[in-house]
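Working notes, beginning with the structure itself.
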Amino acid sequence: MAIRIIKRAVVRKSPETLADVAGLLEKDGTLPGNRRRDLISAINSTARLAGRQAFDIPADVSVLRDLFKTLHPVQGRISSKRVSNIRADLAAALQHTGVIPTPDPDTEPSMAWRKFLDHATAKHQAWCLSRFARFCSLRQIEPANVTDAVVRDFRTWLDVRILTNDPKKVVKDTAVAFNAIIKRAGLNNPLLTTALAGRHVARRLDTYPTSLREDIERYLKRLREPDLTSDEGPLRPLRPTSLRNIEAHIRQVLDASVAAGYPPDHFKTLADLVDIDVIRAAVSQMIERRGGELATGLGNILATLLAIARHYVKATAKTVKGLEIANRQFHARRDTSEPRLSPKNERRLEQFDLERNRELLIELPHKLMARADKQPGRKHAALEAMIAAAIAVLLACPLRMATLSALDLTEDMSVIEEGRTREYLIHISAEKVKNRREIAAVITGPQASILTRYLKHHRKLLAKQPGNWVFPAISGGPRTPDHFGELIKGRIFRETGLVVHPHLIRHFTVRTYLEAVPGDYETPRKLLGHASQKMVATVYAPLASRAAFRRYGDLINRSGNRTNKGTIKGKRNRKPRK
């Protein structure tokens, strides 16, 4: 009787970690020796730069893409070209071992796509769409047939293939460029809603009855122009930013209420909004929208509703009590009953556990200004000088971003010159400061020198009419805080690899001072312009605590070193007998 032998196909298990990928490459006899060495070296280099072991890093494209966002050549003490080579070789290793799918065959855009791209009025539009055009052409999808579903498929395709750019951003840029060509060329193609994807946008106020809009305006006017003869309104007029935030809070609650099932016509006045059942439904909807997460801003929304209920609509005791309970529970769950640094800021301050990172931040203004001084008269050099001056000012006088952006040469600053030495006196009136406390500071030494070079040689190139603004926008007005802050944060990361937004420099100032002078909370209070020393101590006590442990560790380590040199464990250090 013949025996039939059945050969079963060997199914190779997909590697789960980078160590698994390296193991497969070691056993692969199809790779030339040099190429195998380069791919394994890329795995080892990635692990070293991340400060982790290869067996601890998942062989997952999205995880590795996020990991590379945190790797920076300055922090790794290597060149940016070396980081690019490591990433490219790692992608090749993942593709060779099956983690990244086999690439699509080379495909040129179809005739319809070439005609569509010819309508592009800017080079970047065609560039943004080049990969998408090849993706669609291979699948025989013409521009007229592109829908949001096609773009979602493109996003899925990118997610498992690229280690460089964020697929979400690539897809959004692609959709924006696609829509721009359609609009400029007057084509009949349907627009992509993917270009509008992002954070939730609340419904406009004109969605609701006129009576509600009028009531909201009455309430805002009450806050904007408080009645001096009444003890019901605020003690002083609220700033425009605060009024905008309050209106935004009202819009968000209204929008969530409608999403929860209440018709827009239900809300005739603010009294209809400040109802405990409505608020409960709206809050539940907002939490559900964020996947069960309690947003930081929800506390501010609840505070706004409580103020309206208590002081404006004179809501029932049940409603006021319910809002008070909601506020307390929110702060208890977020652990915000006392002021403290956010966990994210605490982690970012840990970057400065390394002395080198402190030096990188402190020396950055000098580096940027030296680069700008080598290219006088150029706008990009002036922009670099502006960022250098802004960081120098923040290091010398840790202002809030809104105050820094609106610095006025004549109203907020004065100069003291003695020979070749120049100092800047900062005097900002209380009404210009968030907590309404006057700022009186001085900028001296190297920071003053950087500010001087910027004001003398570079500021005039930033705008045709810079006016008296220290940091003018192209329009001639002051820089907007959000945009200016992102500009500073981006440049700090690009040059140093440190994730530092301008407000974090305020925390860096206190940390640096408390490590040098532990227990002195009065000086940080003055540096930050806070009203209460107790609040400063509460917020920054963990920083002082860590510094205390470091000093204590140094003390016992020094004692231990002396003990190890002079004695043997368990025996006295006796003198030898004569």
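The values are calculated or read from the model by the stated rules, or taken from the named source; none is laboratory data. Note that the structure is predicted; figures quoted are calculated from it, not measured. FYI the Cβ positions are ideal-geometry reconstructions off the backbone, even for glycines, and counts take in every protein chain you see.
Details
- Counted residues, region 82-113 - those being closer than 19 Å to F154 by Cα and of a type outside the set (A, V, I, L, M): 12
- Annotation note: Cβ proximity below 6 Å between a residue of region 458-479 that is in the same structural domain as A385 (by TED's automatic domain parsing) and a residue that is among the acidic types (D, E) (sequence gap 6+ or interchain) occurs for N468/D408.
- Total residues in region 379-436, condition assigned to a helix (DSSP H, G or I) and among the basic types (K, R): 2
- Candidates A537, A544, A440, filtered to the one that is buried (at least 17 other Cβ atoms within 10 Å of the Cβ) and either out of contact with any helix residue (DSSP H, G or I) (no Cβ under 7 Å at 6 or more places or on another chain) or among the aliphatic types (A, V, I, L, M) (or both): A544
- Selection status of K81, of a type in the set (K, R) and assigned by TED's automatic domain parsing to the domain that holds T164: no
- Unmet criterion (only one of (1) within 30 Å of I301 (Cα to Cα); (2) under 31 Å from the mean Cα position of the chain (by Cα); (3) part of a helix (DSSP H, G or I)) for A202: (3)
- Total residues in region 282-321, condition of a type in the set (D, E, K, R) and in contact (Cβ under 8 Å) with a residue 24 or more places away in the chain: 2
- Condition broken by L528, with the remaining ones in (1) surrounded by 14 or more Cβ atoms within 10 Å (Cβ to Cβ); (2) modelled with pLDDT under 95; (3) among the hydrophobic types (A, V, I, L, M, F, W, C); (4) assigned by TED's automatic domain parsing to the domain that holds A406 satisfied: (4)
- The single residue among W127, W113 that is aromatic (F, W, Y) and either exposed (fewer than 15 other Cβ atoms within 10 Å of the Cβ) or at positive phi (or both) turns out to be W127.
- Flag: V83 does not match the condition of being buried (at least 18 other Cβ atoms within 10 Å of the Cβ), touching a residue at least 60 places away in the same chain (Cβ under 8 Å) and not polar (S, T, N, Q).
- Checking each residue in region 223-257 for being charged (D, E, K, R) and either touching a strand residue (DSSP E or B) at 6+ places or on another chain (Cβ under 6 Å) or closer than 13 Å to T304 by Cα (or both) picks out R244, E247, R251.
- Filter result for H380 (more than 21 Å from the chain's Cα centre (by Cα) and free of Cβ contacts under 8 Å to residues at least 40 places away in the same chain): yes
- Selection status of V283, surrounded by 18 or more Cβ atoms within 10 Å (Cβ to Cβ) and in contact with a Phe, Trp or Tyr (Cβ under 8 Å, 6 or more places away or on another chain): no
- Test: residue in region 421-428 that is surrounded by 21 or more Cβ atoms within 10 Å (Cβ to Cβ), within 27 Å of L498 (Cβ to Cβ) and out of contact with any Pro (no Cβ under 9 Å at 6 or more places or on another chain): yes
- Region 390-420, subset more than 20 Å from the chain's Cα centre (by Cα) and closer than 18 Å to G476 by Cβ, residue surrounded by the fewest Cβ atoms within 10 Å (Cβ to Cβ): T410
- Criterion violated by S211 - all others in (1) closer than 26 Å to H331 by Cα; (2) among the polar types (S, T, N, Q); (3) in a helix (DSSP H, G or I) satisfied: (1)
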